[in-house]
Each structure stands twice: as structure tokens, then as C-alpha cells.
Amino acid sequence: MFKQILRSGPGHNLNQILPVTSKKAATICSNVIQCRDTRTFGTAAATKKWDLYSAVCLERHPVITQSMQEIELKFHDMLRKVEYENSLKCDYELKKEREEKQKKSTDVDDADILVQTAQDFEDSYQEEFKNFKFAPRVTKFDEQNVTSSLKRKLDKNLLLLVQQKVGDLHYWIPPQDIRKEGETMRQTAERILQDTCGATIKVKFYGNAPIGFYKYKYPKKLCEQGSYGAKIFYFLAKYMDGDITNNVKYQWLDHEELQKVLPTRVQQSISQFMFT
């Protein structure tokens with residue numbers, strides 16, 4: 001009898017099929033039919049095919065420390081004053097005091113007492129420091145805004161973006177490609193980086209697990225070909241050495257520049273797991 005009810009479908013009234021059946025039995029039958037329909041819907045959703053991609057977020061870490069802000073400079077000066085007031089005299093200061101006392105207590109010529117005094121050392125160090133030239137914090141590549149150079153934004157993290165074709169358009173995104181049969185997601189990420197940047201670049205991957213995830217649905221025409229959308233798994237890597245030798249358009253950008261270049265939805269996704 002239950003089979004007859006299930007075959008009849010939701011278009012028939014249960015009271016017409018089971019006129020003698022109580023209301024409680026009719027409620028149970030209705031729940032059975034609803035459960036059956038739910039399982040059918042869940043199976044249809046689970047059969048959607050997603051293309052799996054690996055992408056690499058390759059970072060160049062800061063080369064120099066960032067300039068201190070105003071409040072940091074004030075705190076730094078305060079600590080130096082406290083340290084100076086609480087510190088003991090160093091060997092150089094003690095030696096200088098001994099020399100001053102020696103000069104006052106004797107009439108012997110300075111050349112007969114010491115070959116080189118502490119003051120002479122201090123003068124030579126000051127002269128050496130005066131002639132020393134610090135490397136510029138702002139390079140010529142900053143001034144010319146050469147985004148393909150690593151010798152810029154030395155105090156910031158830079159992220160590698162390459163120009164890749166997605167659908168009919170080109171976008172600036174982290175290097176990515178579809179996973180091949182038999183590859184792990186980490187192996188796909190390593191292959192992508194080598195295919196995109198060449199064999200001379202050296203990087204360090206942080207683990208075998210991705211740090212982030214992004215997905216999007218394909219247009220209707222592509223969905224009709226069998227794939228519902230793409231799931232992209234991002235792997236984090238650190239730039240170590242080498243150059244990008246392949247013929248590919250690329251940029252090294254900081255956090256503010258990424259917001260202007262990355263597609264909006266990709267930028268929102270990456271910002272959740274990438275530190276500035």
C-alpha cells in the first residue's frame with residue numbers, strides 16, 4: 001500500500017487513497033514522500049562537476065625595516081634616555097677619564113704616555129661615520145614605478161601577479177592552472193610556478209595544505225559542457241632567489257596596489273588570508 005502511495009506522487013490527496021486511514025498515518029506518509037524528494041534533490045546537487053585549480057601566492061618579504069612612525073620615534077627616544085640614565089660607564093668612558101687624570105697629574109708629554117688616546121679613537125670613528133653613505137630607502141625603480149622589479153618597496157611585502165587569460169578576458173592574478181590527473185594540489189602549484197616563471201626562480205612553499213580557497217560558477221554555456229564552476233586552492237610561498245625567465249607579463253605589487261589591480265571578488269577572497 002505504501003508503494004501505491006509513493007507512486008501516486010504529491011498530486012493526489014492521501015485521504016482519497018486511504019479513506020479509512022487515520023490522520024496520523026496520513027502525516028507519516030506525507031513525511032516519507034517529502035524525505036524521498038529531498039534525497040533526490042541532494043543527489044542532483046552532488047553530481048555537479050567542479051574544476052580544481054591550484055594557485056600560488058608568491059611573496060617577497062621586506063628587505064629593510066619600515067620607517068618608524070611619530071609615536072614610535074618618541075617611544076624610542078624615551079627608552080634611549082632611560083637606558084642612558086641607568087647605564088654604567090663603559091670601558092671607553094673609563095679609559096678617557098683615566099687619561100684626563102693622567103694629564104693633570106704629570107708634566108710628561110702626551111706622546112711619551114700613550115701612542116693613541118681614547119679621544120683619537122673617537123675622532124677617527126666620527127670621521128669614518130661621516131664618510132659612510134647609507135643605501136637609499138627609495139630606489140630608482142620606485143621613482144620610475146617599475147612594477148616588474150624586486151628592487152622596489154624594500155620595506156613592504158610584495159605579491160607576484162601574472163597576466164592570465166580567464167575565459168575571453170585577461171586578468172592580473174596569482175599564477176594558477178587546472179589540476180592534472182594524478183597530481184596532488186601541492187604538485188600542481190609547483191608545476192604552475194615553474195611553467196609560469198621558469199626553472200631559475202627559487203621559492204619555499206609553506207606546507208602541503210592550501211591557505212585559502214575561492215570558487216566561482218562558470219557561464220551557462222560552459223556549464224552545458226559538463227563543468228559547473230572552478231574551485232581555486234591558494235598555496236603560500238616565499239621568494240628566495242632567481243629571476244623570472246619565461247616570456248610572461250608579471251608585476252610585484254604591495255597591498256595598496258593589489259586592491260587596484262586584482263579583480264574585486266578575488267581581492268576580497270585573498271585579503272582574508274594574506275597579511276599586509
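The values are calculated or read from the model by the stated rules, or taken from the named source; none is laboratory data. None of the values given here were measured: they were computed from a predicted structure. Cβ placement follows ideal geometry from the backbone for every residue including glycine, while neighbour counts extend to all protein chains displayed. For the accessible areas, the whole protein counts, side chains as well, though only heavy atoms, and no ligand, DNA or RNA atoms are used. Shrake-Rupley method; radii C 1.70, N 1.55, O 1.52, S 1.80 Å.
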Check: On the given criteria, is Glu256 more than 21 Å from Pro62 (Cβ to Cβ) and acidic (Asp, Glu)?
Finding: no
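For Leu94, are the conditions met, namely being exposed (fewer than 10 other Cβ atoms within 10 Å of the Cβ) and modelled with pLDDT of 80 or more? Break it down stepwise before answering.
Values: exposed (fewer than 10 other Cβ atoms within 10 Å of the Cβ): no; modelled with pLDDT of 80 or more: yes.
So Leu94 does not fit the description; no.
So for the stretch 216-238 (the condition being acidic (Asp, Glu) and touching a helix residue (DSSP H, G or I) at 6+ places or on another chain (Cβ under 9 Å)), does at least one residue qualify? Step through it out loud before you land on a result.
Residues of the stretch 216-238 acidic (Asp, Glu): 224.
Filter once more, so that each one left must be touching a helix residue (DSSP H, G or I) at 6+ places or on another chain (Cβ under 9 Å): none.
No, because not a single residue in the stretch 216-238 is acidic (Asp, Glu) and touching a helix residue (DSSP H, G or I) at 6+ places or on another chain (Cβ under 9 Å).
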Next item on the list: Identify, by number, the condition in (1) in a loop (DSSP other than H, G, I, E, B); (2) open to solvent by 80 Å² or more (accessible area, probe 1.4 Å); (3) in contact with a Pro (Cβ under 9 Å, 6 or more places away or on another chain) that Val248 doesn't meet.
Entry: (2)
Notebook entry, point to check: In the stretch 191-218, which residues are of a type outside the set (Phe, Trp, Tyr), open to solvent by 60 Å² or more (accessible area, probe 1.4 Å) and without any contact (Cβ under 8 Å) to a residue 60 or more places away in the chain?
Noted result: Gln194, Asp195, Ala199, Thr200, Lys202, Lys204, Asn208, Ala209, Lys217
Margin query: Let me confirm something: among Lys221, Lys165, which residue is at pLDDT below 90, surrounded by fewer than 15 Cβ atoms within 10 Å (Cβ to Cβ), in a helix (DSSP H, G or I) and among the charged types (D, E, K, R)?
Written below: Lys221
Note to self: As an exercise: evaluate Ala118 against (1) under 23 Å from Pro62 (Cα atoms); (2) over 24 Å from the mean Cα position of the chain (by Cα); (3) aliphatic (A, V, I, L, M); (4) surrounded by 11 or more Cβ atoms within 10 Å (Cβ to Cβ) and give the number of the one condition it does not meet.
What the structure shows: (1)
Check: Can you name every residue in the stretch 172-194 that is assigned to a loop (DSSP other than H, G, I, E, B) and closer than 18 Å to Ile244 by Cα?
Finding: Pro174, Pro175
Notebook entry, point to check: Just wondering, is there one or more residues in the stretch 224-244 that are free of Cβ contacts under 8 Å to residues at least 60 places away in the same chain, exposed (fewer than 15 other Cβ atoms within 10 Å of the Cβ) and either aromatic (Phe, Trp, Tyr) or touching a Ser or Thr at 6+ places or on another chain (Cβ under 8 Å) (or both)?
Noted result: yes
Check: Which ones in the stretch 204-218 are closer than 14 Å to Ala55 by Cβ and in a strand (DSSP E or B)?
Finding: Phe205, Gly212, Phe213, Tyr214, Lys215, Tyr216
Note to self: I'd like to verify a number: residues in the stretch 51-78 that are surrounded by 14 or more Cβ atoms within 10 Å (Cβ to Cβ), farther than 20 Å from Lys153 by Cβ and of a type in the set (Asp, Glu), how many?
What the structure shows: 1
Notebook entry, point to check: What pairs come up if the first residue lies in the stretch 134-145 and is assigned to a loop (DSSP other than H, G, I, E, B) and surrounded by 12 or more Cβ atoms within 10 Å (Cβ to Cβ), the second is at pLDDT 90 or above and of a type in the set (S, T, N, Q), and their beta carbons are under 9 Å apart, counting only those six or more places apart or on different chains?
Noted result: Thr139/Ser149
Notebook entry, point to check: Residues in the stretch 104-113: is at least one more than 30 Å from Lys156 (Cα to Cα), assigned to a helix (DSSP H, G or I), modelled with pLDDT of 80 or more and not basic (Lys, Arg)?
Noted result: no
Next item on the list: Can you give me the number of residues within the stretch 251-270 that are free of Cβ contacts under 8 Å to residues at least 12 places away in the same chain and surrounded by 14 or more Cβ atoms within 10 Å (Cβ to Cβ)?
Entry: 1
